[in-house]
1. Answer yes or no as to whether residue 131 is on the phi > 0 side of the Ramachandran plot and modelled with pLDDT of 95 or more.
2. May I ask you to verify whether residue 192 is among the hydrophobic types (A, V, I, L, M, F, W, C), closer than 18 Å to residue 53 by Cβ and at pLDDT 95 or above?
3. Out of all the residues in the range 113-130, which are surrounded by 13 or more Cβ atoms within 10 Å (Cβ to Cβ) and either over 15 Å from the mean Cα position of the chain (by Cα) or β-branched (Val, Ile, Thr) (or both)?
4. Looking at (1) closer than 16 Å to residue 68 by Cα; (2) under 13 Å from the mean Cα position of the chain (by Cα); (3) not in a helix (DSSP H, G or I), find the lone condition where residue 166 falls short.
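The values are calculated or read from the model by the stated rules, or taken from the named source; none is laboratory data. As the structure is a prediction and not an experimental result, all values here were calculated from the model. No Cβ is skipped: glycine too gets one built from the backbone with ideal geometry, and neighbour counts run over all protein chains shown.
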Amino acid sequence: MKKITLVPITLILALSTTLVIGQNTRFSDPETVVKDQFWGNLYANGGTSFFCEAPFTSKGFVMTDGYVYPPADIRSALNCGTTSQCKQDNQYRQITSDLHNMVPVRSRVEMRRRNARYENLGDATRADDCGIRESAQFFEPPEHVKGDVARTMAYMVDTYGLPWLGATSVFQEWNELDPPDDRELARHQRIAEIQGNENPFVVNPGLINRL
């Protein structure tokens, strides 16, 4: 009987260890990662903006590197001080170098959504031409990336011990409504190849319900 009960416990411990070490350990220089890996590798041939699905061929002035979990909130969670002070913090540098959290965003959209909290705003709040709804400090992404946002948020919370930027139930709902599509899976695979680790919530979306 002891052997039978020990097997699942061992498996659980192994899975837990995998989740703990399944993080970015390859990069710790965010500026270099943004330049060489994000724009120079992942989006070297262009792509489409994350929220608005607008095609682009290069970074230019219209596009910028956006973060599903904003660096300002990472600084606040780590309590590492000002931007310049946090840049000297190895943990901050590692977290802000994680490609799983970076997305190409129109500059004007990124400026508006910094420090916002994710929420369901509903039809009472008018959506813009990208399908984004905003109200005060709340931000609701378009339907086609709600799941992407949820799975990235779960990854950042679980991997780095960061707080949720919104209600957990909202992200769990978005994960259900918008499962991983071919675009998200292809991007995830490329990041896993470049960075050396996966987002387990993309591989197995059901994990988010355990958080």
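1. Details: on the phi > 0 side of the Ramachandran plot: yes; modelled with pLDDT of 95 or more: no.
The answer is no for residue 131.
2. Details: among the hydrophobic types (A, V, I, L, M, F, W, C): yes; closer than 18 Å to residue 53 by Cβ: no; at pLDDT 95 or above: yes.
So residue 192 does not fit the description; no.
3. If we filter the range 113-130 for residues that are surrounded by 13 or more Cβ atoms within 10 Å (Cβ to Cβ), which is where we start, we get 113-114, 116-121, 125, 127-128, 130.
119, 120, 121, 125, 127, 128, 130 - these are the residues of the range 113-130 that are surrounded by 13 or more Cβ atoms within 10 Å (Cβ to Cβ) and either over 15 Å from the mean Cα position of the chain (by Cα) or β-branched (Val, Ile, Thr) (or both).
4. Just one mismatch for residue 166, condition (2).
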